[in-house]
Amino acid sequence: MRIAGKGLIDASKRVSFSFDGRRIEGAEGDTVASALLANDVRLVARSFKYHRPRGVLTAGSEEPNALVTTGSGAGAEPNVRATMVEIHEGLEVKSQNRWPSLGFDVLSVNDLAAPFFGAGFYYKTFMWPGALWEKLYEPLIRRAAGLGALSGKNNADRYERAYAFCDLLVIGAGPAGLMAALTAARAGADVILADEDSRMGGRLLAESEEIDGKQGHVWVAEVLAELSGMENVRLMPRTTVTGAYDQGTYGALERVGLHKAAGGHLPRECFWRIVARRSILAAGALERPIAFPDNDRPGIMNAGAVRAYLNRWGVAAGKRVAVYGNNDGAHKTARDLMAAGVEVVAVIDSRIDASVALDAPVITGGRVIGTKGRLGLEEITVASASGERQIKADCLAMSGGWNPTVHLACHMNGQPVWDEAIQSFTPKPGMIPGMEAAGAANGVFSTAGCLADGARAGEAAAADLGKKAAKTKMPKASDGAYALEPLWVVEGKGRQWLDFQNDVTVKDVRLAAKENYRSVEHMKRYTTQGMAPDQGKNSNVGALAVLADATGRGIPETGTTTYRPPFVPVSIAAMGAGAQGKGFAPQRFTTSHAASVERGAPMIEAGMWYRPSYFARPGESTWRQACDREVTMVREAVGICDVSTLGKIDVQGPDAAAFLDFVYTNTISTLPVGKVRYGLMLREDGHVMDDGTCARFGEGHFVITTTTAAAALVMRHLEFVAQGLRPDLDVQLVSVTEQWAQFGVVGPKSRDLLNDLLDAPISDETLPYMGHQAAQVMGVRGRLFRISFSGEHAYELAVPARYGEALYRVLVARAEMLGGGAYGMEALNVLRIEKGHITHAEIHGRTTAFDIGFDKMISREKDCIGQKMAAREGMVEESREQLVGLKPVGAVKQLTAGAHIFVEDAQAKRENDQGYVTSVCYSPTVQSFLGLGFLKNGRARYGERVRLVDHLRGVEAICEVVNPVFFDPEGGRLRG
Amino acid sequence: MANLVARTPCEGLLPVTIGSVTLSEVVIERMAAVAPFKGKEGAVSAALKEACDIVFPAPNRTSSKGDARAVWAGQGRANVIGCDLPDLSGLAAVTDQGDGVAAVKIEGDGAEAVLARLVPLDLRAATFKRGHTARSLVNHMAASITRLGPKSFEVMVMRSMAQTLVHELTEAAEGVAARG
Amino acid sequence: MRLICPHCGERDRREFTYQGAAEILDRPSREVGNDDWADYLHLRENPAGETKDMWYHDPCGAWIVVHRDTVTHAVHSGELASEVRK
């Protein structure tokens, strides 16, 4: 019920939204919770396990009951707290975990069976037979118990992440946080003030407190006006600091556009990583419910929340309100309600000697021992010295005291300390380096105390930062003592709910203790108390008290469970913002990309690069047809292939040659200028890391290539060797992968093609196999290498990347005139398999130089990375799996990489495994399927027939073991 | 014979203005990585001073005079842009890099906010001043970030990542602009 | 987590690649026996407390020995690998 003239929002600014299809009128500034309460909607949700009717309990992010789904379709967001959702015109809100409707929910029968569903029920009941768990029990349980459902669709809404840096991060903008920020900012510190509410002020917006003779919210507005006018202050409302991490890093979730209709470029949320030299935790305190029988009916709320709805939103949570508490704070609820003209039917104080100066029916030493009302509170039963009585009430405001919001202070595994006076835990200094708590989060509960503690913390932080704070004039505010008597459990008939969100009762915790789950961590996992989305914010301290009592220990000895980030649920969309779709990884495009796409080539990913798969021509309907044609074209005419993606590293310096001798297995220092040599790199453990070519440009100047896949790895490795192992060598490494566009010109007509384009023609004499030279191509200075991956007479021509696209188009056009053309990755792969050349399919991290038949390439004349370990016994045994060629005997449909190799008539089982297949293709040149693989003692088994079995795909073939070089083993074509 | 036509990395992608921020390509005609050999940094710096009136920059700094500038480019290395290098043989490894990078200028009131969406660096004007440079990341890309002025920055990434850079900057700028 | 690059100062952990304990810098000569080589390559302390390990600062190319504490998560210093080896 909205009360005219109350609250800080303008009730005349109407905003309407829908709740389960019903149109609800609220006002600008309302949350879903305040608007529902204004419309007397008390039943908002069904509970997780028992489908109990539930209503709003709190007014903040700790809300356990009022979880709803907002939006619809792909953008629907389940399990959002109605207390945190600001309404906007057209907002769609739906209740959850009910069928067919919130008022009539079939699965509420679970509640009747509750005596059977206590803690550990699933563990005890669905133990046997084990096989049924996954098939039957779990799906059933999951359907019955639950929260909202994900849409299952791709969410197209925008999310964002961002970084911020400051001297001081103040977490929470209540009285303590505002004073802290003000004090430190006036001293010149760079301050970020973050608060999870849409409006800053904390409890000052929820209480009828005065500061310096002004209403609390007026004072707040003045402070905010000063702060927002300062260059060194950044105010971040709607921003929940969710985690405290190492070295002053904090995670924070900002609700950027959730209070508006989705669409456009405005992010829904932004996940911030804030780095702060100091921080002040001024996150306030959370009120705790009291565990009395049937304390979960809609209409039973925290007393502070009832005050917040009244003072901030002008909403009375009921027409006949009872107040129940163990502390003086609860009285404020009665006082404020009565001042607003709301009927207070009883003020029940558990303390016998409480003095209650209110003109309302007061019951001291009273206990609420039962409640009634199927879908909402109708009546409470109160016991006191004068006996039991029933009181009609539609709202019960309860307060069991307040718990400082210590969570962030505990995120690095610090343990908070028990404070007897407030019957709760407070942070101790130093739990997070650089963080201090202030105000209610620090166990200081009066307004004056919060202001002073905030100023103190602000001054201390400024001093730490080397800034001198001027003496702060303290504003005047109330300074009442906070008096309470412990009150955890009220006995009586009916369940006393502790964890509303996971439906855990006092009885469950006692059962855990009885079954010897006495450690708080065990109790938590046995009962699931504290494991729901609210992470026990409303129930942890209460549950601890029950466990402490049940195990005969004190609360401090019982201890707390571990506090972990995040403080509130963080949507994956926000945390992963910028990393989905195109943001997942950078896309690297070669200079020939557009030209390849124009020719219809499907582009495949090779690491981050995109490379053409094949270039289908008219009449070619399958990739194989295009690939076969491209292979033949290269073998008979000339093909063009962009090889720019291979890593290229410039190695320069007086010790460049010595350095390369150390990283390659073979000797590089003897390589003449103008020549290229194949090189093999090992890891220090003796396995092959990568291979490539090494071209010498001068005495102290080399350019080496790496495979596309290992380019970054090899660069990092070489830097490690240069800096960490051989800092004595004077050598510099610079990646030039991106500087040069490099194209393979491959096939018997390659030289003819090039000689049409080069300023000075080449011949076998001027540029023999494994030679290189500077080349002038169409007026551009480039580099020409005579190297080959295909076994053909071939070149690689490099030009500065700005000319890459133009040169590629020229090369392809010329090749087509000579009966050739562009070829893609598929053909490239066939060409290299025909020649038995390895790629990372073969050098996959477990193969040695011996395995691939290259052990002679490990020079003993000098030390090199991997030399020692490569010679270890076991690394060079004949029985190791060695690289072989595999050629089908007779007709086969296909070979598959990943198939295992068996002796022809042996059973295809693990014990008989002889090796495996790494690469396969159909070779139009040899006119057969071909395979490369590793076979035990393979080099001695040429001519043997083996059986290939791919259990996964159900493919089998008989092959002959052959030399892996299937085509032109003498290499005549290379030099031709 | 016809000459080969040169293309810049961001050709066809820029310039673009989003809200208060303009993204434009910085066309790099000439750029060389200069990495002094051991103990030769002073001699390299002197040679640069003599030839181009710039020095070999300290880490995270730039040196510039007219069109010539040297941008620190990681351990023991600077990228020298826009001038004819003196003969540094025997003093430094010199490697052409003018075709290897895509460079984009980000200008306007929201420039710092846009980069704050992508770069894990403290870019506040008091800490990251004009002429300061940093090797860092733009989302997942290794990048060089330089402050050119109160509201303008230059970002360089590998040439092949030009499209991704423009995409990332555009999306970040759209988000910043939408906040109003 | 923020690590220290001697060139670039304190930086977010995402800029770095981890590469194991700093003992990897003490590479034995090839005259040393296989057992010592196996120790060098494979055997590592697993300290609760002070530790030194290798990180590569990808954007600037520096290999760094980071001195930190696995219990408190404090990061004490970062030193260039090339300086450590001198």
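The values are calculated or read from the model by the stated rules, or taken from the named source; none is laboratory data. Worth saying up front: this structure is predicted, and the values here are computed from it rather than measured. For neighbour counting, all protein chains shown are included, and Cβ atoms are generated from backbone atoms with ideal geometry for every residue, glycine included. Quick note on the areas: whole protein, heavy atoms, side chains included, nothing else; ligands and nucleic acids left out. Shrake-Rupley method; radii C 1.70, N 1.55, O 1.52, S 1.80 Å.
Could you state the angle between the C-alpha long axis of helix A:216-228 and the longest principal axis of the C-alpha atoms of chain A, as a value from 0 to 90 degrees rounded to the nearest 10? The angle comes out near 30 degrees.
For A:Arg495, the amide hydrogen comes within under 5 Å of the amide hydrogens of A:Asp294, counting only partners 5 or more places away or on other chains and with H modelled in the peptide plane. Each residue of segment A:105-110 was assigned a 3J(HN,Hα) from its phi angle through the Karplus curve 6.51 cos²θ - 1.76 cosθ + 1.60 (θ = phi - 60°); the sequence is 10, 4, 6, 5, 4, 3 Hz, with glycine and proline shown as x. Less than 5 angstrom separates the built amide H of A:Asp190 from those of A:Asp167, A:Leu168, all sequence-distant by 5 or more or on a different chain.
How many percent of the alpha carbon pairs in segment A:322-413 exceed a separation of 16 Å? Looking at segment A:322-413, the distances longer than 16 Å represent 56 percent of pairs. Remark: for residue pairs A:Lys862/B:Lys40; B:Lys38/C:Lys52; B:Lys65/B:Lys151; A:Lys319/A:Lys372; A:Lys648/B:Lys105; A:Lys94/A:Lys537, the C-alpha separation exceeds 18 Å in A:Lys862/B:Lys40; B:Lys38/C:Lys52; B:Lys65/B:Lys151; A:Lys648/B:Lys105; A:Lys94/A:Lys537. Computed with a 1.4 angstrom probe on protein heavy atoms, the B-C interface buries about 900 square angstrom of accessible area in total. A convex hull fitted around the alpha carbon atoms of segment A:313-361 yields 71 Å³ per residue. Calculated mean residue ellipticity at 222 nm for chain A: -5500 deg cm²/dmol, from DSSP H runs with n ≥ 4 weighted as -39500 (n - 2.57), summed, divided by the residue count and rounded to 500. Solvent-accessible surface, computed for protein heavy atoms with a probe of 1.4 Å, shrinks by 20 Å² or more for the following residues of segment A:794-808 when the other protein chains are added to the isolated chain: A:Ala801, A:Arg802, A:Tyr803, A:Glu805, A:Ala806. Here chain A is described by how far its Cα atoms reach on the three principal axes: 114, 70, 56 Å, from widest to narrowest.
Note that segment A:474-491 has calculated 3J(HN,Hα) couplings of 7, x, 8, 7, 5, 9, x, 6, 9, 10, 8, 10, x, 8, 9, 10, 10, 6 Hz, one per residue in order, obtained from phi through the Karplus relation 6.51 cos²θ - 1.76 cosθ + 1.60 (θ = phi - 60°); glycine and proline are x. Check the straight Cα-Cα distances from A:Lys749 and name the lysines below 25 Å, setting aside those fewer than 8 residues away within the same chain. Result set, ordered by chain and number: A:Lys675, A:Lys835. Please determine, in degrees from 0 to 90 and to the nearest 10, the orientation of helix A:447-464 with respect to the longest principal axis defined by the Cα atoms of chain A, where the helix direction is its Cα long axis. Around 30 degrees separate the two axes. log₁₀ I(q)/I(0) of segment A:542-608 at q = 0.22 Å⁻¹, via Debye over equal Cα point scatterers, no solvent, to two decimals? Each listed q corresponds, in turn, to -0.97. Using the Karplus relation 6.51 cos²θ - 1.76 cosθ + 1.60 with θ = phi - 60°, the per-residue 3J(HN,Hα) values for segment B:152-163 come to 9, 9, 10, 10, 10, 10, 4, 3, 5, 9, 3, 5 Hz, with x marking Gly and Pro. Hey, quick one: spin label on A:Glu388, modelled 7 Å out along Cα-Cβ, who in segment A:291-318 has an amide N within reach, i.e. under 19 Å? Those under the cut-off are A:291-297.
Given a Förster distance of 30 Å, report the FRET efficiency between A:Gln215 and A:His259 from their Cβ-Cβ distance, rounded to the nearest 0.05. Could you put the intermediate results ahead of the total?
Numbers: r = 25 Å, r/R0 = 0.83.
Efficiency for this residue pair is about 0.75.
For segment A:420-564, take the convex hull of the Cα atoms, compute a quarter of its surface area, and give me that in nm², please. Intermediate values should be presented prior to the final figure.
Working: hull surface 43.9 nm².
That works out to 11.0 nm², a quarter of the Cα hull's surface.
Which net charge results for the neighbourhood of A:Arg320, defined as the other residues with beta-carbon distances under 15 angstrom from its beta-carbon, given Lys and Arg at +1 and Asp and Glu at -1? Could the numbers behind the result be given before it?
Numbers: positive: A:Arg42, A:Arg297, A:Lys319, A:Lys372, A:Arg389, A:Lys392; negative: A:Asp40, A:Glu343, A:Glu378, A:Glu379, A:Asp394.
Computed value for this residue: +1.
Please list A:649-662, B:19-32, A:898-911 highest first by mean number of surrounding beta-carbon atoms within 10 Å per residue.
Highest mean packing first, the order is A:649-662, B:19-32, A:898-911.
Once you list every other residue whose beta carbon is under 13 Å from the beta carbon of A:Val444, what net charge do they have if Lys and Arg are +1 and Asp and Glu are -1? Combined, the nearby Lys, Arg, Asp and Glu give -2. Calculated on the Cα set of segment A:193-234, radius of gyration then Dmax: 10.9, 32 Å.
Principal semi-axes of the equivalent ellipsoid, √(5λ) from the alpha carbon gyration tensor of segment C:2-84, are 25, 16, 9 Å from largest down.
With Cα atoms as the point set, the radius of gyration and Dmax of segment A:713-823 evaluate to 16.7, 54 Å.
Go ahead and collect, in residue order, the members of segment A:740-758 whose backbone nitrogen is under 13 Å from a label point 7 Å along the Cα-Cβ direction of A:Met817. Hits in segment A:740-758 for A:Met817 at 13 Å: A:752-758.
From the alpha carbon centroid of segment A:510-557 to that of segment A:758-791 is 77 Å. Approximating the spin labels as points 7 Å out from Cα along Cα→Cβ, the A:Asp479-to-A:Lys514 distance works out to 5.1 nm. Extents of segment A:817-976, largest first, come to 49, 48, 25 Å (Cα atoms, principal axes, whole angstrom). Calculation over all alpha carbon pairs of segment B:31-96 in 10 angstrom steps from 0 returns a P(r) of 26, 64, 10 percent.
Considered as an equivalent ellipsoid built on the Cα gyration tensor, chain B has semi-axes of 29, 20, 13 Å, the largest given first. For segment A:736-892, the extents of the C-alpha atoms along the principal axes are 56, 49, 31 Å, listed from largest to smallest.
Estimated from the Cβ-Cβ distance and a Förster radius of 41 angstrom, the FRET efficiency linking A:Glu904 and A:Glu605 is about 0.60. In segment B:137-172, burial by the other protein chains removes 40 Å² or more of 1.4 Å probe accessible surface, compared with the chain on its own, from B:Leu137, B:Asn139, B:His140, B:Arg159, B:Ser160, B:Met161, B:Gln163, B:Thr164, B:His167.
Share of carbon and sulfur in the accessible area of chain A stands at 53%, probe radius 1.4 Å.
Per residue, how much accessible area does segment A:387-505 have with a 1.4 Å probe, in Å²?
Details: 4820 Å² over 119 residues.
I get 41 Å² per residue for segment A:387-505.
Burial of accessible area (probe 1.4 Å, heavy atoms of protein chains only) in segment B:32-52, relative to its chain alone, reaches at least 40 Å² for B:Phe37, B:Lys38.
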